[in-house]
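The block underneath contains the structure these notes are about, expressed in structure tokens.
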């Protein structure tokens, strides 16, 4: 079941959902709009290796915006820091963003209960498009969980994305054993 705006606000009052900064103007009927943070990153190497730490080059979006190029993966970040302690958060692109040819996540639209951080975005575009710091980029939808939770993300020993940061985080696939 998806939380309504009233249920999102109730969960925030109970500190089960945290959104910083929060603006009532961003609260939709059953979602919360999030915005593009000020940092983007690209991988340094042309060939990425799932077994090694692939380094990124980080840069700030200038006031005049930044033009994203097709056939290039950008890592972005949400301006908003979020926590969810009893719901499953889903991040989806806004339709207005999609109509500009921007895809904000390749595969990782679902968060885990206990995720506490800014969201790293896996951004790709179908043609050149200029983006700006704090532009609406996506919406968070919160689902109720049925049953008790044993493994909160922020308490797992093998959680790879728990260090709080307002910068995009590269893939940590290399930390897996395979």
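Just so you know, all these numbers are worked out from the coordinates, no wet-lab data involved. What you are looking at is a predicted structure, and each value in this text was computed from that prediction instead of being measured. Quick reminder, even Gly has a Cβ in these numbers, built from the backbone with ideal geometry, and neighbours come from all protein chains shown.
Here are a few things to note about the model shown:
- The calculated FRET efficiency for residue 165 paired with residue 4, based on their beta-carbon distance and R0 = 30 Å, is about 0.45.
- If the chain linking residue 51 and residue 176 were pulled fully straight, counting 0.36 nm for each residue of separation and taking away their Cα-Cα distance, it would gain 44.2 nm.
- Simple label model, 7 Å out from Cα along Cβ direction - residue 155 to residue 72, nm: 4.3 nm
- Using C-alpha pairs below 8 Å separated by at least 6 residues, the relative contact order for region 5-146 is 33 percent.
- Value of [θ]222 nm, deg cm²/dmol, for the chain, DSSP H segments ≥ 4, -39500 (n - 2.57) each, nearest 500: -1500 deg cm²/dmol
- D (Stokes-Einstein, µm²/s), Kirkwood Cα radius, region 5-146, 1.306 mPa s at 10 °C: 100 µm²/s
- In a fully extended conformation the segment linking residue 15 and residue 29 would gain 3.1 nm over its present Cα-Cα distance, using 0.36 nm per residue.
- In terms of its alpha-carbon gyration tensor, region 97-178 comes out prolate; a/c meets the 1.5 threshold, and the first ratio a/b outweighs b/c.
- Here the simple spin-label model places points 7 Å from the Cα toward Cβ, and for residue 108 and residue 63 these points are separated by 3.3 nm.
- Panel order for 130, 51, by other beta carbons found within 10 Å of each beta carbon, from fewest to most: 51, 130.
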